Amino acid sequence: MSTPYALLYWLTLVGYALAIASQLFGHVFDRPRAGRAALWGVVGGLGLHTALVAWRWGVTGHIPVIGTFENALLGAWFIVLVVLWAGWRDRFPLLAAGSLPFALIILGYGGMSDTAPSPLVASLQSFWLYIHIFFAWLAYAAYTVACGAGVVYLARTRRTEKAGTESGDAPADSSEGKKALADSLERLDELMFRATTFGFITDAIMIAAGSIWAKNLWGSYWGWDPVETWSLLSWLCYGLALHLRTTMNWRGRRLAWVLVAAVVTVLISFWGVNLVMEGSAHVFNVD
Amino acid sequence: MRRLWSILTSTRTTVVVLIALSALLLLNVVIPQDTDNFRAAHDALLARSPLARFVLVTLGLGHMPTSPIFLGVLALFFVNLAAVLEDRTQSTVARLRLRLPDDVKLAAWMEKGEGLRVTWPAGLDEDRPRQVLEQLGYRVHAPGPRQLWAVKNRLAILGFPLFHLSFFVLCAGGMLLFYTRFTGSLTLTEGQHAAGTFAGRVQPPLVGRIPSVGLTLDKVDAVFERGQPVQLRATVRLDDDPRATPRQSSINHPVTWKQHTLLVEKAGLSAVLWLKDSQGHTLDRMAAPVPNAGETSVVPLDAGRLGAALRPVALKDLGGRTALTTTEITLSLLHGDRAIVEGRLRPGQSLRAAEHELTLVELRYWAGLRLVSERGGGWLIAGFVLAVVGIVWRMLWYRREVGVIWDGQALHLAGRCEFFPRAFHAELTAISDLIVDGNRGRA
């Protein structure tokens, strides 16, 4: 990376980290203003992040989708964007604290890899690449939101003595406080379900698009490649979560734990498999 | 039988089967599989112990798609799926209803769902609730005077069988692909013709015959940028095509016709060699592929009496087609394992030994092609489409039911939805506002 680019990159990372820390501080020490201010920090970080993505695009001449660094850059951008939208819309600033650490880890990991720009190699010159990656990142971002909502749900239900509304005005033991807590838990529960549903649908499209692309690139719709198989496993896990919710009425803490555990399959799908298994045809690097 | 049916249609069975499938997919990743990319690791594990042999071969976990355990769990998955679909047919049809069941009173129904009560504005048109509901896309039915029961997206429940039936379509496509799949590799030099023979790896179909495909390789284009392959194209003419129209196969854009797909996978230099004896009689002429990397390649000459060893030349290091006339390659003329003569040649130059002369006539490109023939791709794609349409339909256009009762002084709204109750509460409030205030907010 050039020095100015590296500076912008680290500013973005630090910005996100400070925002997360501020939100956690606000939650733990009951300082709702710190939480709300942190949300603006995330917005600012996203602005810097967008500049990073645009800069990289300009330098390479293609959408940054090649290699660990570019995938981390764009993937983390999607996660932050979707988390910000979901948190803002559903009035859950704390959602960022539950979900953004994933984006931070992804960005940090990407920054440690080879950042040299690469030309768009022949195997990646396909319309299906963009469909596949777009829906992949939408799915992963949605799953991250679901996980983040689960984390917040679990944190809030542990603090039943100290119910917190978003405005933090009503004390926990008041009926108003209890109503506010119940309302926020219900919204979180619905957010978990919505995000999982959205992720499941976009994940299905991602797998289908990848399969069609694989036919053109490798001559086979499905090759039982480790990354392919793991992405199917991850999709099945979220399918299981949806079954548990819709037919066995798993809600609240039970669903939250399922979604927090399930996000691990997503992380492994993208990073773990290629770290552990060499020889996968599904490589994100061109080395 | 009833108990068996109850188990087969139980959601717990579904959960158990999904967990079992997930566990097997996990094993597929963790255990080295008997595939091209992981065969070495698989064979190394196999050689370790009888237990490894038992796991990999007897249980079949070394090749998951054909493992009896995996196939058994998959079969159970489809049996469970079929049983659940059959079991839910009646309830699915019932949920398509436009009206309340005959034995259910609207007032009693409304007590069970989300409810709102507002004052009926004086002078409000009594047809206003129906108008608003119909504008919002509800199908409305009046079970009695000053009563309405409305349903929206009543067909959304059909997304459930559609999504789940797609798995059968996907399975059918997958089985067709598995049983009819043929792959064969061949390496051709520009100008060469292949008539249904595959010198490289061949995987015959489990059902059917090896396809007879003839083609001529006209031209190869390989483009590099900063040492990275940014494009590889092979122009071919198919024997199947009476007009012999040139067709181009490139990375991500293979040539497809009937059930065949021709992919271009690699390319390199090809040395056109001419072997003569000391009197100038031609002993052999051939095009010998020069490897891009790795070991020196040895090709037989003169029916195996002699050989030519070609050292690798990386295609990415050359300057394109224009450089072929000036590119040098390192050649050795062999007798058995012994090199008779060795040297670096450009096109037109020769190696001379006592009784032989080996001339590098010209350099061309070779292309590594792979032919894949299979049926069932259409079923697979149809399955994908059905799955996506079904799940979107089911989860996003979910069914909502609204009941309205008024008596000229108060308006009572209540309703139910399948998913997202908070959003539905907001929708009910918006409906109420539209009826009473004529607001144009979206419900």
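The values are calculated or read from the model by the stated rules, or taken from the named source; none is laboratory data. Quantities reported herein were computed from a predicted structural model and do not represent experimental measurements. Neighbour counts run over all protein chains shown; Cβ positions are idealised from the backbone, glycine included. Surface accessibility is based on the protein's heavy atoms, side chains included, excluding ligands, DNA and RNA. Shrake-Rupley method; radii C 1.70, N 1.55, O 1.52, S 1.80 Å.
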Checklist entry - Any idea what the relative contact order of region A:1-155 is, in percent, if you count C-alpha pairs under 8 Å spaced at least 6 apart? => result 26 percent
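Is the shape of chain B rounded, prolate or oblate, going by the alpha carbon gyration tensor and its root eigenvalues a ≥ b ≥ c, with a/c under 1.5 for rounded and a/b larger than b/c for prolate?
Working: a/c = 3.96, a/b = 2.58, b/c = 1.53.
Prolate.
Listed here are the pairs A:LYS178/B:LYS152; A:LYS179/B:LYS152; B:LYS105/B:LYS152; which of them are more than 29 Å apart at the Cα? The partial results should precede the final answer.
On the way: A:LYS178/B:LYS152 34 Å; A:LYS179/B:LYS152 31 Å; B:LYS105/B:LYS152 20 Å.
As for pairs spanning more than 29 Å Cα to Cα, those are A:LYS178/B:LYS152; A:LYS179/B:LYS152.
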Next on the checklist: Can you tell me how region B:214-278 classifies by the Cα gyration tensor, rounded, prolate or oblate, using a/c under 1.5 as the rounded cut?
Outcome noted: oblate
Next on the checklist: Which residues belonging to region A:96-130 lose at least 30 Å² of 1.4 Å-probe accessible area when the assembly is complete, relative to their chain isolated?
Outcome noted: A:PRO119, A:VAL121, A:ALA122, A:GLN125
Next on the checklist: Let me spell out the model: positive unit charges on the Cβ of Lys and Arg, negative unit charges on the Cβ of Asp and Glu, origin at the Cα centre of the protein assembly as shown. What dipole size does that give, in debye rounded to 20?
Outcome noted: 1360 debye
Item to check | Options B:GLY72, A:VAL121, B:VAL361, ranked by Cα towards positive dipole end of the protein assembly as shown, top entry (Cβ charges) | outcome: B:GLY72
Item to check | Per residue solvent-accessible surface (Å²) - region A:33-135, probe of 1.4 Å | outcome: 39 Å²
Checklist entry - Given the protein chains as shown and a 1.4 Å probe, how many square angstrom of A:LYS178 are accessible, to the nearest 10? => result 130 Å²
Checklist entry - Carbon and sulfur: what percent of the protein assembly as shown's accessible surface (1.4 Å probe)? => result 59 percent
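May I ask you to give the solvent-accessible area per residue for region B:171-291, in square angstrom, as obtained with a 1.4 angstrom probe? Could you put the intermediate results ahead of the total?
Values: 6000 Å² over 121 residues.
With all protein chains present, region B:171-291 gives 50 Å² per residue.
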Next on the checklist: Charges at C-beta only: +1 for Lys and Arg, -1 for Asp and Glu. How large is the resulting dipole of region B:173-311 about its Cα centre, in Debye rounded to 20?
Outcome noted: 240 debye
Checklist entry - Give me the log10 of I(q) over I(0) for region B:287-340 at q = 0.18, 0.20 Å⁻¹, as the Debye formula computes it from C-alpha points; what are the numbers? => result -0.63, -0.74
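To two decimal places, what compactness ratio does region B:277-413 give when its Cα radius of gyration is scaled by 2.2 N^0.38 Å?
Values: Rg = 34.1 Å, N = 137, 2.2 N^0.38 = 14.3 Å.
That works out to 2.39 for region B:277-413.
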Item to check | With DNA, RNA and ligands ignored, accessible area of B:GLU295 (1.4 Å probe; Å², nearest 10) | outcome: 150 Å²
Checklist outcome for this item: Restricting to Cα pairs under 8 Å and 6 or more apart, the percent relative contact order of chain B works out to 19 percent
Checklist entry - Taking a probe of 1.4 angstrom, what is the accessible area of B:CYS417 in Å², to the nearest 10? => result 40 Å²
Item to check | Counted charge near B:SER332, where neighbours are those whose Cβ lies closer than 9 Å (Asp, Glu -1; Lys, Arg +1) | outcome: 0
Item to check | Pairs of alpha carbons in the protein assembly as shown whose separation is greater than 33 Å (percent) | outcome: 63 percent
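Compute the signed sum of charges (Lys and Arg +1, Asp and Glu -1) over the other residues within less than 12 Å, Cβ to Cβ, of B:ARG311. Kindly include the intermediate steps, with their values, before the conclusion.
Details: positive: B:ARG344; negative: B:GLU295, B:GLU328, B:GLU342.
Net of charged neighbours comes to -2.
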Item to check | Dipole of the protein assembly as shown, positive direction: furthest Cα of A:MET192, B:GLN33, B:PHE224, with charges on the beta-carbon | outcome: A:MET192
Next on the checklist: Nearest 10 degrees is fine. How inclined is helix B:377-396 to the longest principal axis of chain B, computing both from alpha carbons?
Outcome noted: 30 degrees
Checklist outcome for this item: Taking chain B and counting helices only, DSSP H stretches of n ≥ 4 at -39,500 (n - 2.57) each over all residues, the nearest-500 ellipticity at 222 nm comes to -10000 deg cm²/dmol
Checklist entry - What is the magnitude of the charge dipole of chain A about its Cα centre, with +1 placed on the Cβ of each Lys and Arg, -1 on the Cβ of each Asp and Glu, and no other charges, expressed in debye to the nearest 20? => result 700 debye
Checklist entry - What number comes out for the charge environment of A:SER231, summing +1 per Lys or Arg and -1 per Asp or Glu over other residues with Cβ under 14 Å away? => result -3
Item to check | Principal-axis tilt of helix B:421-437 within chain B, Cα atoms, nearest 10 degrees | outcome: 50 degrees
Checklist outcome for this item: Filtered hits (aspartates and glutamates, Cα-Cα < 19 Å from B:LYS219, offset >= 8 within chain) -> B:GLU190, B:ASP239, B:ASP240, B:ASP241, B:GLU265, B:GLU362
Checklist entry - Helix B:68-87: angle to the longest alpha-carbon principal axis of chain B, degrees 0 to 90, nearest 10? => result 30 degrees
Checklist outcome for this item: Here the residues of region A:213-227 whose accessible area is at least 40 Å² smaller with all protein chains than in the chain alone (probe 1.4 Å) are A:LYS215, A:ASN216, A:GLY219, A:TYR221, A:TRP224
Item to check | Lys/Arg +1, Asp/Glu -1 at C-beta; region B:305-427 dipole; positive extreme among B:ALA308, B:PHE419, B:PHE384 | outcome: B:ALA308
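Given a cut-off of under 8 Å on Cα pairs at least six residues apart, what relative contact order in percent is computed for chain A?
Values: 379 pairs, mean separation 51.1, N = 287.
Computed over chain A, the figure is 18 percent.
Kindly compute the accessible surface that chains A and B hide from a 1.4 Å probe when together, both sides summed, and give it to the nearest 100 Å². Intermediate results must be reported in sequence, preceding the final value.
Values: alone 13850 and 24910 Å², together 34200 Å².
Rounded to the nearest hundred, the buried surface is 4600 Å².
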